[in-house]
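Please read the structure below before turning to the comments.
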Amino acid sequence: MALGAVSEGERVSMEAFLLKLSARTPAPAGGAAGAYSVAVGAALCLMVLRFAASKNEKASKSEEASKSEEMMNSVEVDLKRVDELSVRAVRLAQEDESSYLSVLSAFRLSRTLDPTEASEVKRNAFVSASRIPSECAKTALQVCEVVMSQVDCVSSHLLGDLIAAGLTAVSGGLIGAQLVIANLGDTDSELVDQAQRDLNELLGVQSVLLQVLGDKRSVSPLWDI
């Protein structure tokens with residue numbers, strides 16, 4: 001499945017999304033913003049991979065053809081994977097908006113119930129809604145896995161965009177993980193435990209990517225390469 005496989009009904013312009021996001025309405029909100037950040041990071045990663053694939057294709061005609069072909073096959077696998085992740089992230093953004101509307105419905109229903117039942121209804125709604133930002137954090141980590149695998153492979157001209165792809169995906173994943181924690185608080189939930197693990201892992205990836213960026217200060221600027 002590719003980004004082009006997203007149906008017309010699922011496509012929302014950036015302007016339209018930002019208008020909805022900035023409106024005084026409960027949704028879309030942080031969850032959708034985080035998921036779209038992951039989608040943007042994935043799309044930027046795709047751009048880098050396509051340039052890398054083109055470079056490897058040209059190199060495959062040289063004396064290192066065997067090695068280049070192996071690298072090209074690896075890039076093609078990553079392209080397919082990240083393309084699917086970008087589509088997933090877009091759909092998570094749309095599902096997040098719908099899920100929060102379900103939370104609002106649960107709050108309205110709770111007004112007609114006794115306190116114990118009302119608490120359970122609201123809890124279940126929040127747990128269900130939190131599965132989407134949890135999936136967003138997971139998707140971000142999968143994008144970052146591809147980004148990290150390419151750090152030592154891409155040219156200096158592509159490295160900045162690759163790091164940008166990773167940092168953008170990380171930011172979306174961090175949003176997703178912290179929303180799970182914010183929504184569920186001290187609830188004894190596997191979702192909360194997983195969110196904390198994802199948060200720590202994403203912060204680790206962010207640190208490594210920033211270190212790579214810091215290491216670039218010791219090399220020549222792009223116009224001298």
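So that you can scan it fast, the table gives a plain yes or no per residue for (1) free of Cβ contacts under 8 Å to residues at least 24 places away in the same chain; (2) out of contact with any helix residue (DSSP H, G or I) (no Cβ under 7 Å at 6 or more places or on another chain); (3) part of a helix (DSSP H, G or I):
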| residue | (1), (2), (3) |
| --- | --- |
| 124 | yes, yes, yes |
| 133 | no, no, yes |
| 140 | no, no, yes |
| 146 | no, no, yes |
| 154 | no, no, no |
| 167 | no, no, yes |
Listed residues 79, 85; which is surrounded by fewer than 20 Cβ atoms within 10 Å (Cβ to Cβ), closer than 20 Å to residue 42 by Cβ and within 18 Å of the chain's Cα centre (by Cα)?
-> 79
Are any residues in the stretch 135-155 within 11 Å of the chain's Cα centre (by Cα) and either more than 15 Å from residue 172 (Cβ to Cβ) or among the hydroxyl-bearing types (Ser, Thr, Tyr) (or both), and if so, which ones?
-> 139
Looking at residue 192, is it of a type in the set (Val, Ile, Thr), in contact (Cβ under 8 Å) with a residue 40 or more places away in the chain and in a helix (DSSP H, G or I)?
-> no
Quick check: anything in the stretch 46-64 buried (at least 19 other Cβ atoms within 10 Å of the Cβ), small (Gly, Ala, Ser) and at pLDDT below 95?
-> yes
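The values are calculated or read from the model by the stated rules, or taken from the named source; none is laboratory data. As the structure is a prediction and not an experimental result, all values here were calculated from the model. Note: ideal-geometry Cβ built from the backbone for every residue, glycine included; neighbour counts use all protein chains shown.
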